[in-house]
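Remarks on the structure that follows.
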Amino acid sequence: MTEDQKIITEVTESDYKWGFISDIESDQAPKGLNEEVIRFISLKKNEPAWMLEWRLKAYRHWLTMTEPVWPNVHYPKIDFNDIIYYSAPKKKPSLNSLDELDPEIKATFDKLGISLEEQKRLSGVAVDAVIDSVSVKTTFRESLGELGVIFCSFSEAVHDHPELIKQYLGSVVPYTDNYYAALNSAVFSDGSFCYIPKSVRCPMELSTYFRINSAGTGQFERTLIIAEEGAFVSYLEGCTAPMRDENQLHAAVVEIYSHKDAQVKYSTVQNWYPGDKEGKGGIYNFVTKRGLCAGTHAKISWTQVETGSAITWKYPSVILKGDYSIGEFYSVAVTNNYQQADTGTKMIHLGKNTKSTIISKGISGGKSQNSYRGLVRINRKAENARNFSQCDSLLLGDKCGAHTFPYLEVSNKTAIVEHEATTSKVGEDQIFYCNQRGISTEDAVGLIVNGYCKEVFNQLPMEFAVEAQKLLAISLEGSVG
Amino acid sequence: MNPAYQHTDKEKFLNSYGAFASRHELMDSPLNTLAIRKFEELGFPTTKHEEWKYTNVSPILKNRFALSTGKSRLKREDILPFLLTGKDSILLVFENGFLNRELSLIENLPQGVIIDSLASSRNHDVVKQHLGKYAPMKQESFVALNTAFIFDGAFIYLPVNAVVERPIHLLYVNDSREEATVVYPRNLIVAKKNNSLKIACTYHTIGNINSAFTNSVSEIVTGANANVEFVKVQTENDNTYHISHTEVMQERDSVFNISTITLGGNIVRNNLHIVLNDVNCTSHLYGLYITDGNELVDNHTLVDHAKPNCESNELYKGVLGGKSSGVFNGKVFVRPDAQKTNAYQSNKNILLSDEATMNTKPQLEIFADDVKCSHGATTGQLDSEALFYLRSRGIGEKEAKAFLNIAFAADVIKNISLEPLRDRLMPLIERKLKQGD
C-alpha cells in the first residue's frame, strides 16, 4: 500500500514539461471587449463587410446572454474586459521554404517536437501551425490543391472562398448556440478551414497545432470542416501551451458538416497548461464542438485525449440527421492536482437507423474533479436507432472525485439505448497478479492505466497515438513504463 | 409560465393553510409554521429546476383541491379490494389523510411497540425527537408543503430488540367522490436496535370524476442491526396526482429494503433518499413502473454513502405504453470517507408504443477512491429472438409479448418478501400489461 501511495504521489507531482515562452513580438488589440475591438480585429484581418456584420450580430447577441453556471466546475468569475482578444505575430511571413521561418518560431516547434521537416519528409502530415491565432505556415497545400482539397487558415478562406464560408459558417454551431459560441463568433481570430470535394479521399492526415503564446490572450479559434458527398478526411488537432500564472480563456468553436456518404474523423490531443500543483494558473478550455451528419450514411467520429487545462468543459456532439448515419465519441480525460474536467458528448438521433457509440475513460488523481456529462436523445422519428455508451472512471488518490451525469432521452420504441458506467481504483488484485509475475508495482500501474485507455488510443491515427502516450506519460509520470 | 400565474398557485395553498391550522389548533406548532414559511420561500418547482427538468407540475396546481375535515364516509366493502390476502396483518386505514379506527385492525402488538396515528402521538417523546428531522423541507418545496400540513399519518415505533412478525399494512384511500381532494399523509417509522419489521404502504383512490392530489412524506429510521422492509404501492386512478418523498436514515449494520411500485396515477413523482449513515449498512432499492395513457411517472433516488463499508443495490424497471412518459434519475453519492463502498444501480425500460418516452439520468458522484460503483441503463423493446422462440412454439404474438413483459416485471416483484402483497400485486400487473397492448 505504501508503495502504491509513493507511485501515486509521483504520478500526481510530475511537472509540466512543455512550458516555455517564445519571444515573438506580437501585434495586439487593446484589452477589453466592445464593438471597437471587434471592428479592430476585422480590420486587422482585412475582412469583407459581411464578415464584420456577422461578428457584430454575434456580439450583440452575446450581450443578451448570461454566463452558464450548470457545469460541475468551479472558478473565479471571468472578467471579459480584462482579456486581449487579438494577438498576431508581427512578422507575417510568406515563405518559400522552411529556412525562411522565424528562427524563434522554428525553435518553439522543435521544442514541441512538431518538427516540420521531419513530418514533411517522413509522415506525410500537412501541418497548418497556428501560433496565437494567425496561421503561420501551411504545408502540403499544393499537393492537396491538385485533388481540390482546400486546407487553409480561416481568414484566407474568408477571402478566397467566401461562398463556402457564407454557406456553412454557423450552420452547425449558430452564434446563438451558447454563451461561449457567441463570444467566439464575435471575436474569433483565426483557425482552420477544410473542404473535401465530392468523392475525394484526403490522402494525408490534416493537422493543426493550436498554441496560446502571449500572456492574457484569449484564444478564439474557429474550425470549419466540410466533407462533400462520399469524401473522407482525418483531421488532427493538437495543443500545448507555455506556463503562465494568469488564467487564460480558450473558447473555440469547431463545426463539421458531413454530407451523404462522407466520413470525418476528428482527433484531438489537448495538453494545455493545467496550472501548478497548488492549482494556480492554467487554461480555461470552454469549447463548442459539433458535427452534423446531414446526408444518409454520413459518419463523424470524435476522438479526444484531454490531459491539460485547469478547466476543461466541452462536449463534442453529433447530430445524426441523415438516415443510417453514424456518430462516435472516444475520449480519455486525465485530471491531476487541481484540474477540473466536465466533458462528454451529445448524440442527437433524428434519422432512421442511426447509430452512435460512446466510449469515455476518465482518470483522476491529486485533488482533481473529473466529470462525464453526456446526452443521448432519440427523437420520435428516429426508427431503429442504436446507442451504446460506456463511461469508466479510474481513481488514483483519495482526494479526487469522479462523476457521471448521463442523460438518456428516448422517444421511440424501436430504439435500443444502453449505458454502462463504472468507477473504481486500480485493483489491488490486478497489481498483485502483475507482481506475482515479476512486474514491479510501478510498471503494473502503468500497464493497467495504459490498457485501460487502449480502446481510445486505438482510434487515434498513428502519429497521434505516439504523442498521446507521451502526454499520458507526463501526467502519470513514474507509473507508465 | 408567467410569474403571476405561479403566484396564484402558491397563494391557493398558502390560503388553505390558515384555515387548516386554526381548525387543528396547530397555529403554535413550530414545525408546521416553520414549514409553511419555507414553502412560501421556495414556491413550486418549474422545469427550469434540474431536478424537475422532465416533470412539469403546473397541471397539478391548476386544480382547486379541498382539504378533508376528517368526516368519515368509507365502508368496509370500499376497501376490500385493497386488503392484503391472509388475515394476520396489522391494518391502518387512512381516509383522506385521517386514521379511520373502525376499519383499522391494531391489536395484540408486542410489548412496547407503538403503531398508532400520528395525530394522537404528536406529544410522544419519539415523535418530538424525530418528526421533521430528516426530510429536507428546506430544499424540497413539496416536503415543506407536506410538513406544513402535518396532521395525521402512521407512527410506528419499535423499542430495542422488538420484532413485529405480522406485516403492517398502511392503506391510504383518497376519496374524491364528492369533490377534488388533497391529502398530506405523513409517516414516521422509528425502529431501534435489533428490530425487524415489514411494512406495506398502499395508496388508492375512490371515485374517478374529480381529481385528487396526494402529497406524502415518510421518514424512516433504521437502528443498529435492524432489518426493515418497506413496500410502497401506488394504484391510484388516472385523475390522481401523487408526489411523495421517502427519507431513510440507516444506522450501523442495518439492512433496509424498499420497493416502489407505481401502477397508476396521472403525474407521479417518487423521491427516495437513503442515507447510509454508519458502517456496514446494506440497502436494496427496487422499483417498477407500468404506465399507459398520458401518465407521467418520475422516480428520483439518491443513495448517500456517508460512511465506509456499505453496500447499495438498485434495480428500477419500467414498461411504458400509450403516450406516457417515464423519468428515472438515480444518484449515487459517495462521500470522501466512504471507502470500500460497493454501489450498483440498474435501470431498464421497455417502450411499448411509438408515443411513449423515457428519460433516464443515472448519476454517480464519487469522492472516495477505494470503491466499486457502477450503473447501467437500457431502453429498448422486447427481445425479438425471445419473442420468436415463444411464437415458434405456438404462442400468439399478444400472449408472447405479455409473457415477456410479465417476466420483466416479475424480476422486481420477486424481491418483495411480503407474500400476501406479492399475491395482490401480480394479478394487477398482469392485467395492466395484457390490456396495455
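Observations
- Exactly one residue out of A:PHE405, A:PHE388 is more than 9 Å from chain B (Cβ to nearest Cβ), within 24 Å of the chain's Cα centre (by Cα) and at pLDDT 85 or above, and it is A:PHE388.
- Restricting segment A:334-363 to residues that are of a type in the set (Lys, Arg) and in contact with an Asp or Glu (Cβ under 7 Å, 6 or more places away or on another chain), the residue that is surrounded by the fewest Cβ atoms within 10 Å (Cβ to Cβ) is A:LYS352.
- Residue ID - nearest to the other protein chains (Cβ to nearest Cβ), chosen from residues in segment B:359-403 that are open to solvent by 50 Å² or more (accessible area, probe 1.4 Å) and of a type in the set (Gly, Ala, Ser): B:SER384
- The condition of being touching a helix residue (DSSP H, G or I) at 6+ places or on another chain (Cβ under 8 Å), in contact (Cβ under 8 Å) with a residue 40 or more places away in the chain and under 16 Å from A:GLY344 (Cβ atoms) holds for only one of A:ILE363, A:ILE431, that being A:ILE363.
A quick yes/no check of all residues on (1) surrounded by fewer than 24 Cβ atoms within 10 Å (Cβ to Cβ); (2) within 11 Å of the chain's Cα centre (by Cα):
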{"residue": "A:SER267", "(1), (2)": "no, yes"}
{"residue": "A:ASN271", "(1), (2)": "no, yes"}
{"residue": "A:GLY275", "(1), (2)": "no, no"}
{"residue": "A:GLY279", "(1), (2)": "yes, no"}
{"residue": "A:ASN285", "(1), (2)": "no, yes"}
{"residue": "A:HIS297", "(1), (2)": "yes, no"}
{"residue": "A:GLN304", "(1), (2)": "no, yes"}
{"residue": "A:LYS314", "(1), (2)": "no, yes"}
{"residue": "A:VAL318", "(1), (2)": "no, no"}
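- Meets criteria (modelled with pLDDT of 85 or more, at negative phi, of a type in the set (D, E, K, R) and in a helix (DSSP H, G or I)) for A:LYS120: no
- Lone qualifier among B:SER72, B:SER16 - being surrounded by 13 or more Cβ atoms within 10 Å (Cβ to Cβ), assigned to a loop (DSSP other than H, G, I, E, B), of a type in the set (Ser, Thr, Tyr) and more than 24 Å from the chain's Cα centre (by Cα): B:SER72
- Residues located in segment B:142-171, provided they are part of a strand (DSSP E or B) and open to solvent by less than 10 Å² (accessible area, probe 1.4 Å): B:ALA154, B:PHE155, B:ILE156, B:LEU158, B:ILE168, B:HIS169, B:LEU170, B:LEU171
- Enumeration of residues in segment B:178-201 that are within 22 Å of B:TYR241 (Cβ to Cβ), surrounded by fewer than 24 Cβ atoms within 10 Å (Cβ to Cβ) and either in contact with a His (Cβ under 7 Å, 6 or more places away or on another chain) or among the charged types (D, E, K, R) (or both): B:GLU178, B:GLU179
- Residue list for segment B:75-103, restricted to those being open to solvent by less than 70 Å² (accessible area, probe 1.4 Å) and aliphatic (A, V, I, L, M): B:ILE79, B:LEU83, B:LEU84, B:ILE90, B:LEU91, B:LEU92, B:VAL93, B:LEU99, B:LEU103
- Answer from B:SER196, B:SER176, B:SER216 - the residue that is assigned by TED's automatic domain parsing to the domain that holds B:LEU105, touching a residue at least 40 places away in the same chain (Cβ under 8 Å) and over 17 Å from the mean Cα position of the chain (by Cα): B:SER176
- Among the residues of segment B:323-337, those identified as in contact (Cβ under 8 Å) with a residue 60 or more places away in the chain and either hydrophobic (A, V, I, L, M, F, W, C) or more than 9 Å from chain A (Cβ to nearest Cβ) (or both) are B:VAL327, B:ASN329.
- Summed over segment A:329-357, residues that are under 30 Å from A:PRO76 (Cβ atoms) and either small (Gly, Ala, Ser) or outside any loop (DSSP other than H, G, I, E, B) (or both) total 11.
- Selection within segment A:376-411 - open to solvent by less than 10 Å² (accessible area, probe 1.4 Å) and closer than 21 Å to B:ASN329 by Cβ: A:VAL376, A:ILE378, A:ASN387, A:SER389, A:CYS391, A:GLY401, A:ALA402, A:HIS403, A:THR404, A:PRO406, A:LEU408, A:VAL410
- The residues listed here are A:ASP99, A:ASP82, A:ASP27; of these, the one that is open to solvent by 80 Å² or more (accessible area, probe 1.4 Å) and either over 22 Å from A:GLU221 (Cα atoms) or modelled with pLDDT under 80 (or both) is A:ASP99.
- Note on segment B:308-322: among residues that are aliphatic (A, V, I, L, M) and touching a residue at least 40 places away in the same chain (Cβ under 8 Å), the one that is farthest from B:ASP298 (Cα to Cα) is B:LEU315.
- Just one of the listed residues (A:TYR330, A:TYR338) is within 21 Å of B:GLY376 (Cα to Cα), away from chain B (no Cβ under 13 Å) and at pLDDT below 95, namely A:TYR330.
- Residues of segment B:295-307 satisfying the condition of being without any contact (Cβ under 8 Å) to a residue 60 or more places away in the chain, open to solvent by 10 Å² or more (accessible area, probe 1.4 Å) and part of a strand (DSSP E or B): B:LEU302, B:ASP304
- Residue match in segment A:270-287 (condition: of a type in the set (Ser, Thr, Tyr), touching a helix residue (DSSP H, G or I) at 6+ places or on another chain (Cβ under 7 Å) and either at pLDDT 85 or above or more than 25 Å from A:GLU228 (Cα to Cα) (or both)): no
- Restricting attention to segment A:361-410, the residues being touching a Gly at 6+ places or on another chain (Cβ under 7 Å) and farther than 20 Å from B:GLN363 by Cα number 5.
- For segment B:343-358, filtering for residues that are over 25 Å from A:LEU395 (Cβ atoms), more than 7 Å from chain A (Cβ to nearest Cβ) and surrounded by fewer than 24 Cβ atoms within 10 Å (Cβ to Cβ) leaves 2.
Matching residues to (1) part of a helix (DSSP H, G or I); (2) among the small types (Gly, Ala, Ser); (3) facing chain B (nearest Cβ under 7 Å):
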site	(1), (2), (3)
A:HIS419	no, no, yes
A:VAL445	yes, no, no
A:ILE448	yes, no, no
A:CYS453	yes, no, no
A:ALA468	yes, yes, no
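- Hits in segment B:35-69 - residues which are assigned to a helix (DSSP H, G or I) and in contact (Cβ under 8 Å) with a residue 60 or more places away in the chain: B:ALA35, B:ILE36, B:LYS38, B:PHE39, B:LEU42, B:GLU51, B:PRO59, B:ILE60
- Odd one out for B:ASN194, checked against (1) on the phi < 0 side of the Ramachandran plot; (2) in a loop (DSSP other than H, G, I, E, B): (1)
- So A:GLN430, is it more than 9 Å from chain B (Cβ to nearest Cβ) and in a strand (DSSP E or B): no
- Residue within segment A:456-477 that is open to solvent by 30 Å² or more (accessible area, probe 1.4 Å) and modelled with pLDDT of 80 or more present: yes
- Options B:SER196, B:SER141: the member that is closer than 19 Å to B:ASN257 by Cβ and out of contact with any Ser or Thr (no Cβ under 6 Å at 6 or more places or on another chain): B:SER196
The values are calculated or read from the model by the stated rules, or taken from the named source; none is laboratory data. Predicted model, so just to flag it, every value in this text is computed and none were measured. Cβ sites come from the backbone with ideal geometry, for glycine too, and all protein chains shown count toward neighbours. Remember, those area values only see protein heavy atoms, side chains included, never the ligands or the DNA or RNA. Shrake-Rupley method; radii C 1.70, N 1.55, O 1.52, S 1.80 Å.
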